[in-house]
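All of the numbers you see were taken from the coordinates with simple rules; none came from a lab. What you see is a predicted model, and the numbers here were worked out from it, not measured in a lab. Heads up, the Cβs are rebuilt from the backbone with ideal geometry, glycines too, and the neighbour counts pull from every protein chain shown.
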Amino acid sequence: MAINVFLRRTHRVIAVLFLVTIPPAGFFSFSATGSEVSPVVYLPLFPLLGLILTGTYLLVKPWARRLRVR
């Protein structure tokens, strides 16, 4: 059960990091001149990957547990 609690807390922290990285990415994407794109625009992708991985695990775990019980 400790891994479940750890993953939930990690998921929450990553969600906060994701929310913090969105405004700078938006600012730099709209302030870009011409075709130059700042690397800051890609900053939210790293927390988003963490959210996808931990969220998928937390979503699928109850379904897998039900299938194992049957």
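Summary of values
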| item | result |
| --- | --- |
| C-alpha long axis of helix 45-69 to longest principal axis of the chain, angle in ° | 10 degrees |
| Answer label for Rg and Dmax of the Cα atoms in Å (calculated), chosen among (i) 16.0, 55; (ii) 12.2, 43; (iii) 17.0, 59 | (iii) |
| K61/L19 FRET efficiency (R0 25 Å; Cβ-Cβ; nearest 0.05) | 0.55 |
| Percentage relative contact order, the chain, counting C-alpha pairs under 8 Å, at least six apart | 39 percent |
| Angle in degrees between helix 2-30 and the longest Cα principal axis of the chain, rounded to the nearest 10 | 20 degrees |
